[in-house]
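The next block holds one structure in the form of structure tokens; read it before the comments.
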Amino acid sequence: MDHISGRLGEHARNIEVVAADPATRYGFTQVPNFMLTNKDISVGGKLAYAMLLKYAWGDDACFPGQRKLADDMGAGERSVRTYLKELEDAGFLEVAQRGLGKTNLYRLHLTIKKRPAGGGRRA
């Protein structure tokens, strides 16, 4: 039986990571493929989801302010609110208000529900 490392060398690479240490020094975020390929979610919505994952992976929860999200995403606060609403409406995000002057608590859903037998949108 062949070892996988021997087989990997047989395939041409489309993407090569060069000098990964500087790029990975501060970590990285895994984003589920179902989100990356979801045609119903905008690019901004996908980036917002990825940013929330970035904040949450360490503690299983996150509560960044919209100003911080906007700054980290390179977007305006109004756009961030639009993206968060989009994710919430699609069922990928729950937003719980924690009180006046406090940031919201965001709950990300990392699973998807099965589609009904006749196709259609996510339930």
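Provide the gained length on full extension for the span LYS85 to LEU105, in nm with one decimal, where the gain is 0.36 nm per separating residue minus the Cα-Cα distance. Working shown, then result.
Details: separation 20, 0.36 × 20 = 7.20 nm, distance 1.38 nm.
Between LYS85 and LEU105, full extension yields 5.8 nm more.
Lys pairs in region 32-108, Cα-Cα under 17 Å, at least 8 apart or on separate chains: how many?
Within region 32-108, the lysine pair count is 7.
Hey, can you rank 28-36, 66-74, 40-48, 79-87 by average C-beta count inside 10 Å, highest first?
79-87, 40-48, 66-74, 28-36
Roughly how many debye, to the nearest 20, is the charge dipole of region 32-108 about its Cα centre, given +1 on each Lys and Arg Cβ, -1 on each Asp and Glu Cβ, and no other charges?
Result for region 32-108 is approximately 180 debye, rounded to the nearest 20.
Computed from the coordinates by the stated procedures, all read-outs in this text should not be read as laboratory data. Every value quoted in this text rests on a predicted model; they were computed, and no experiment measured them. Virtual Cβ from ideal backbone geometry, glycine too; neighbours counted across all protein chains shown.
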